[in-house]
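K.L.:
If you scroll down you'll find the structure; I have some questions about it.
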Amino acid sequence: MPVRDASPYKVFRARPRGLKALLRGEEEVGVPGGPRREPLPLRGPGERPPWRERITPRQVLKWLAIAIVSWLLLSLILFMISAQIEQGNLPSSATAALTSGPNMITGTDTILILGTDQRPRTGAGSKEPGSNYNDAGSRSDTMMLWRIGSGTSRRLSIPRDTLAPIPGYGTTKINAAYAYGGPALAIKTVEAFAGIKINHIIVVNLAAFPQFIDAIGGVDVTTGRVCADLFGGPSAGGFRVDLSAGVHHLNGLQAMLYSRVRENPCNPADNDLTRVRHQQEILNAIKSQLFSVGTFLRLPWASWDAPKVLRTDMGGPTLLTLFIASEIAGSAPPAVLPVQPAGGSDLQASPGAVQSSVAKLLNG
């Protein structure tokens, strides 16, 4: 009968080691006969840690590309949702007055851009005496035709005091068409005046205009010497514009104020025609800023705010096509319909001037 070893079992317990021992790569003490851990390798001077050896430049580029695509996709989704929310805020009569046009990537459309004298209830211009806070009865301070698509981008501004026949109301200032019959009558008036068909309409919401420009980080504009009081000046709760000649980076409020200056004591020659050039300069500056690095970092916010600036017949996909067509075509040179004084504040455009200006808009 075998004899058993009477010696008692012994338990060996490893002493816990400190962080310094682990970093030095010391061998672990364990149960005799048990597995031994290899000491941690010591790195020589200048050697990379193992985790850095596993990350390659290709992996970095891969994750960077995924981050960029995700950022763009998020921006696109926000833009589409915002555009869908805003769609339908234009009267159906305005949509019915439009003529359908081709896709702006493969074809060319004519867009009527209007900016009314409706004032916001809060913020810039809200305290100006006699302000009109309702869209009904507002006049179109800004009236611009934009020929866009298929590599084309040309704009023509029509001064607001230009005399034109308004269907059902006789000949008066063209900006009164919006006050008499809203965007639908403005479309019909401009079509008859210019002899063209309008495919889309954009009514700019001036109350949201500064917020959008702030969302893209402001705009760079080259100005002359400008000094003017707007919305009644500071004493009436308005603002003072004071710009030296040169390049300025304007925030949303400053850009909106600059686009509304028509009387400039520092340059008495400035008038309403000067103002429409300012407005086109702001549009070109916005377009340039949209595709800058700074705007890319703010793109989701800008994408969400962009549709809020507009009241339009265009939904998200068509608006996206418009922005793409605008980038392909580049910035449009400012163009203003030539007019002559016709007594008081009225302006008169000869049929020849209208015909030549519209032909240049359509054909370059």
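K.L.:
Please arrange R139, R262 by counting, for each residue, the other beta carbons lying within 10 Å of its beta carbon, fewest first.
P.N.:
R262, R139
K.L.:
Which peptide among 62-69, 334-341 comes first, and what is the full order, when sorted by highest mean count of other Cβ atoms within 10 Å?
P.N.:
Averaged packing, sorted descending, gives the order 334-341, 62-69.
K.L.:
Ranking request for peptides 302-313, 163-174: highest mean number of other beta-carbon atoms within 10 Å first, then the rest in descending order.
P.N.:
The densest-packed peptide leads the list: 302-313, 163-174.
K.L.:
Another one. Holding the Cα-Cα limit at 27 Å, pick out from K197/K287; K287/K360; K62/K308 the pairs that are longer than that.
P.N.:
Too far apart for the 27 Å limit: K62/K308.
K.L.:
Determine the relative contact order of region 72-363: mean sequence separation of Cα pairs under 8 Å and six or more apart, normalised by residue count, in whole percent.
P.N.:
26 percent
K.L.:
If you line up the Cα atoms of region 201-328 on their principal axes, what length do they span on each, largest first, in Å?
P.N.:
44, 28, 25
K.L.:
Another question about this same structure. Order of S235, S140, S288 from fewest to most other C-beta atoms within 10 Å?
P.N.:
With the fewest neighbours first, S235, S140, S288 line up as S235, S288, S140.
K.L.:
In a Debye calculation with equal point scatterers on the alpha-carbon sites of region 72-363 and no solvent, what is log10 I(q)/I(0) at q = 0.10, 0.12, 0.13 Å⁻¹?
P.N.:
-0.52, -0.77, -0.92
Any read-out appearing in this document is the output of simple, stated calculations on the displayed coordinates, not a laboratory observation. What you see is a predicted model; the values in this text were computed from it and never measured. Glycine gets a Cβ as well: all are built from the backbone with ideal geometry, and neighbour counts include every protein chain shown.
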